[in-house]
Amino acid sequence: MDESSPSSWLLGLLLLVLVVPSAAGQELDCRVQVDVSQIGGADSELSFLGNLERKIREYMNTRSWTDDEYLRHERISCSMQVVVLESLSISEFRARLVVTLRRPIYGTSQSSVVARINDSEWQFDYSRGSSLSYDINRYNSLTSVLDFYAYLILGYDRDTFSPLGGTPYFEQARTVANQAEGSGDPGWSSVGTQQNRVQLLSNLLAQRHEPLRRVYYNYHRKGLDRFVRGTETARKHMMGVLETLQSLNQRLSRSFALNVFFQTKYQELTAFFSDSDRASQAHSLLVQMDPSHSSEYDKLVQ
């Protein structure tokens, strides 16, 4: 067949479309688990909850959250664990949500947990046949929480690759929070508890927390990512990170964002300094800043 014929040209175009992966959008590779065992979600009356896991997974993974281009292997590894705690009505539920974000450690086959956020204040509506639709300018008790954490994931991830690189995505999360605050739903109030999603976002966007956000870049790019190529240099740099955190810890008392950092990183920090000449120094700083995990840090001096 003549290679210049229309049919040959069309076949070649179709093959090109099939073999070239789409690069636009779909930034997240989010694993989702919905546990309804505590409310008997398998009962016929609530059996429709069986579709919620699939719908959340599709919602998080199939839409474009940014205008950037992502190849499949560049997608951000994250997870959402939803534990439905109570059925307030046939279509209203109270749940606990655990959001976890990972990023690769360069030069290794390992990954680092960047943030793990426990949200125990989620109350949402979901009924049989409900669809999940994105609208950042309209509050929805289910999708607005998903939107909020999608942008938080993007913000945390970008902060590890460039100093304060996550700001545009934290700002998008603020747009979601502003729509939600007047709803009266748990977790969206800017007053009262210091451990809700609005308080966390307020921390992340406050100027006095900028040094903490810069820690994420220094910790990952100059610490973890360089560990294989220059272990002692990376540890020396990480000691500087701990000294920055010490200063922040004195200024940011009861900071939710700082708590998230230590709740996520305490085991990794222990492993990073284990069997090193800096173990004792690291131990002294860590138990002072984060006494709730002192039993883990004590492994550095045993």
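Every read-out reported here was derived from the displayed coordinates using simple, explicitly stated rules and does not represent laboratory data. Treat the numbers as computed from the prediction; the structure is a model and nothing was measured. Here Cβ is always computed from backbone atoms with ideal geometry, including for glycine, and neighbour counts include all displayed protein chains.
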Under the Karplus relation with 6.51, -1.76 and 1.60 and θ = phi - 60°, whole-Hz ³J(HN,Hα) for segment 259-267, x at Gly and Pro, equal 4, 4, 4, 6, 4, 7, 9, 4, 6
So what are the ³J(HN,Hα) numbers for segment 106-115, from phi and the Karplus equation (6.51, -1.76, 1.60; θ = phi - 60°), rounded to whole Hz, Gly and Pro as x? 5, x, 9, 9, 8, 10, 10, 6, 7, 8
Let's test the formula: R0 of 22 Å, r as the Cβ-Cβ distance of Arg214 and Glu181. What FRET efficiency results, to the nearest 0.05? 0.20
For Glu121, distant residues with modelled amide H under 5 Å away: Leu97
How much net charge surrounds Ser87 when only the other residues with a Cβ under 12 Å from the Cβ of Ser87 are counted, with Lys and Arg +1 and Asp and Glu -1? -4
Put a dot 7 Å past each Cα toward the Cβ at Glu74 and Ser162; how far apart are the dots in nm? 1.2
Enter the Cα centre distance for the pair segment 169-191 and segment 250-279, rounded to the nearest angstrom. 28
Inter-label distance for Asp277 and Phe262, nm, one decimal - labels placed 7 Å from Cα along Cα-to-Cβ: 2.9
Which FRET efficiency, nearest 0.05, do Thr233 and Asn118 yield, Cβ-Cβ r, R0 25 Å? 0.15
Hey, can you grab everything whose amide H is under 5 Å from the amide H of Asp29? Only 5+ residues off in sequence or another chain; H modelled, so Pro and N-termini drop out. Ile76, Ser77, Cys78
Under 17 Å from the Cα of Lys265 - lysines, other chains or at least 8 residues apart: Lys222, Lys299
Quick check: from the Cα gyration tensor, does segment 211-302 come out rounded (a/c under 1.5), prolate or oblate? oblate
Roughly how big is the chain's charge dipole about its Cα centre, with Cβ charges of +1 (Lys, Arg) and -1 (Asp, Glu), in debye to the nearest 20? 860
For segment 287-302, Karplus-derived ³J(HN,Hα) couplings (6.51, -1.76, 1.60; θ = phi - 60°; whole Hz; x for glycine and proline) come out as 5, 5, 7, 9, x, 5, 10, 4, 5, 6, 5, 4, 4, 5, 10, 8
Mind checking the dipole of segment 229-302: about its Cα centre, +1 per Lys or Arg Cβ, -1 per Asp or Glu Cβ, Debye to the nearest 20? 240
Amide H contacts under 5 Å for Leu85, placed H, 5+ residues apart: Arg94, Ala95, Arg96
Which aspartates and glutamates have a Cα less than 19 Å from the Cα of Lys236, not counting those fewer than 8 places away in the same chain? Asp225, Glu268, Asp275, Asp277
Residues other than Tyr266 with Cβ under 15 Å of its Cβ, Lys/Arg counted +1 and Asp/Glu -1, net out at -1
Simple SL model, points at 7 angstrom along Cα→Cβ for Ser284 and Gln195; separation in nm is 3.1
For the chain, percent of DSSP beta bridges that are antiparallel (nearest 5) comes out at 75
Which three extents, in angstrom, do the Cα atoms of the chain have along their principal axes, listed largest first? 69, 63, 35
